[in-house]
Structure formats: structure tokens, C-alpha cells
Amino acid sequence: YILLRFLVAGFGTYLFLKKLKLAYRSALVGSVAYMFSGYFILWITQSSLPADMMIPWILLGIEHIFDTPRWKSVVFLAVAWAMMVLSNSPEAVMIITLFSLCYFLFEYLRKKPDRAVPLAFILSASLALAISLPLLWDTILSFVQGINAHGEGFVLSVHLHSPLERFLQIFTVPVSPILFFEIAQLGGLFKGDFIVPYVGMFIILLSLVAFSAKKDKEEKMRIWFFGGTLLLFLLYWAGIPPLVWLEKLPLFSQIIFHKYNSVFYFALAVLAAMGFEKMRRENVDRKKFNIILAALTLPIGGL
């Protein structure tokens, strides 16, 4: 059953990328990048994986809503959303729901559809709420009083790293577990319980290729949306204000963003698939790629 979560996440990512009109091989790259990311591998027994595996299915349902805002699309999105809520992982549910709402708003502003689309989306959300209603109270109670209701001391032990610790956590993204800085080089510098799981240099380089593509307005907007998602997480992990102030808000203070960050890995997988697609079409500006790569690696080399 645990391995089935990998398959559901990967197949959903594949279908979502195909819906974005990516080629078979590009969609396959993105699906493998998500389902076998360090997030799934390191947290293989984590209780939030049933929610994480539904991210691509929810976004796929949103795309269907924009294409054909009819009952079939409404029910598809409602079932996907309800299955995510019924995972009973409140922190993951909140993050994924917020990300899904942002994606819908992004697509709505970009496509500017008629009133049938937002009405279908609201109907789908209402239906998802009705499906998950029998267990919704348990999910809320788990967030407020259960194992997810982290005490103040526990939350502080995870969040209040030194600025250096928070910044160095970003460097665990491109390397494998045996090369984690806090183990291999820093002698256990990080005192918190959570690290940022790896994704590998190959996926990161492919995502940079996506930003190096020649002009393509429609895909460029999607690239910047998913790129903006990555940037928000990176700035938060690095402890950059005002994003770091989110953890002091009443609702967000209950969420450990260092642990429930599947959205980051999904966005990175989508960008890697888009980068692979650009390479397949030979639609890459090498000069732009070299500039982006240098802009990211030179400061790191200086450190």
C-alpha cells in the first residue's frame, strides 16, 4: 500500500503533464522526478503521503474544469479533493488546498473564462466538502488537539534555527542523503528534527533549462508560476522576512513547513519536465542558461 502511493503520485503527475501538452518522454521525466524525489523516499512512512499523492490529480481536475465545466469534470475534481482531505493529515491538507486555490486563480486570470468555470469550481469544492464531511470534524480535531497540535516548545525547536542553520538547509536539496551537509561536513550542525529532502542535481539543472527557453508566452507563464512556488519555499527555509513571519501567525504556526513540503517537489518536477521538453524541441537559449547557472553557483562558490 505504501508503494501504491508512489504509483498514484507518479501516474497523476504524468496525466497532468500530458494535459499541459507535454510529450510522452517529458511527462515521464516529471512523473519519475516527483514520485522518486527525496520527499517520498525519506518520508516513505509519513502519514501525509496519501494527501501528497493527490496534488497532480487536483490540478488535473482544475484543468478539466477550465476545458469542460460540466458534471463529469466537477465530480472528478470533487473526488480528488475529497480523497486528499480524507487523508487525515491536516497540515498537508491546508498547504495543498492553498496551493490548489492559487493554481485555480492563476489559470483564471490567465485564461479569463466565462462564469461557468468559477461556478463549476465552487460546486466541485462544495461536493468535495460534502463527501469528506463525515471525517472532516476528525481532521479539524486532529489539527487542534491531536498529534498535529504541536506544543509551543516543539514548534520553536523546529522553527527557531539560527540564520546560518536556516540558510544551510537549502543546500540539502541537490545532494543525496549520504552527502547531507549537516552529517558529512558540518558535524551535526542542525539540531532540529527535520531536513529538506534532496531532489538531485539532474532535476535541478532540467528546471533551470525551463527558465532558459526561448519565447513561448503560454508556457512561460506556467513556468513562472511553478518557479514562484519554489522561490516562496526557498525564501522561507532561508529565513528571509516577511515569509518567515508566517510561522508566527495563529494558523500557520501549527504547520511545520520543513516537513510538509510536497508542493515544492511537485513544482520542481513540473519544471524539470518542461525543461526536458525544451531540450527535446531544441528550444533552449544556451546563453541564458549559462547566465542563470552562473548567477546561482557563483554565490555558493563564494561561500
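The values are calculated or read from the model by the stated rules, or taken from the named source; none is laboratory data. Note that the structure is predicted; figures quoted are calculated from it, not measured. Cβ coordinates were reconstructed from backbone atoms using ideal geometry, including for glycine residues, and neighbour counts include every protein chain displayed. Calculation scope for accessible area: heavy atoms of the full protein, side chains included, ligands and nucleic acids excluded. Shrake-Rupley method; radii C 1.70, N 1.55, O 1.52, S 1.80 Å.
The label point for K248 and the one for R281, both projected 7 Å from the Cα toward the Cβ, are 4.5 nm apart. Taking Cβ atoms as reference points and 13 Å as the exclusive limit, the residues near Y103 contribute a net charge of +2, counting Lys and Arg as +1 and Asp and Glu as -1. Taking only protein heavy atoms and a 1.4 Å probe, the accessible area of the range 230-303 is 70% carbon and sulfur. Label point 7 Å out from Y108 along Cα-to-Cβ: which residues of the range 37-68 have amide N under 18 Å? Zone members listed by number: 58-68. Near A213, the amide H atoms lying under 5 Å from its own belong to D285; only residues 5 or more places off or on other chains count, and H is placed 1.01 Å from N. Put a dot 7 Å past the Cα of S47, heading toward its Cβ, do the same for Y1, and the two dots end up 1.4 nm apart.
Note on L101 and L205: the model spin-label points, each 7 Å out from Cα along the C-beta direction, lie 4.0 nm apart. Protection proxy ranking of 225-236, 268-279, 82-93, by the mean of other Cβ atoms within 10 Å over each peptide's residues and highest first, is 268-279, 82-93, 225-236. Among the trypsin sites (Lys or Arg not before Pro) in the range 19-51, those placed in a DSSP loop whose Cβ has at most 13 other Cβ atoms within 10 Å are K21.
Here is the P(r) of the range 43-129: all C-alpha pair distances, binned every 10 Å from 0, give 19, 52, 23, 6, 0 in whole percents.
Checking the cross-link pairs K111/K220; K18/K259; K21/K278; K111/K287; K72/K220 against a 20 Å limit on the alpha carbon distance flags K18/K259; K111/K287; K72/K220 as lying beyond it.
Taking 35 Å as R0, compute the FRET efficiency from the Cβ-Cβ separation of L129 and I292 and round it to 0.05. The pair L129/I292 has a calculated efficiency of 0.25.
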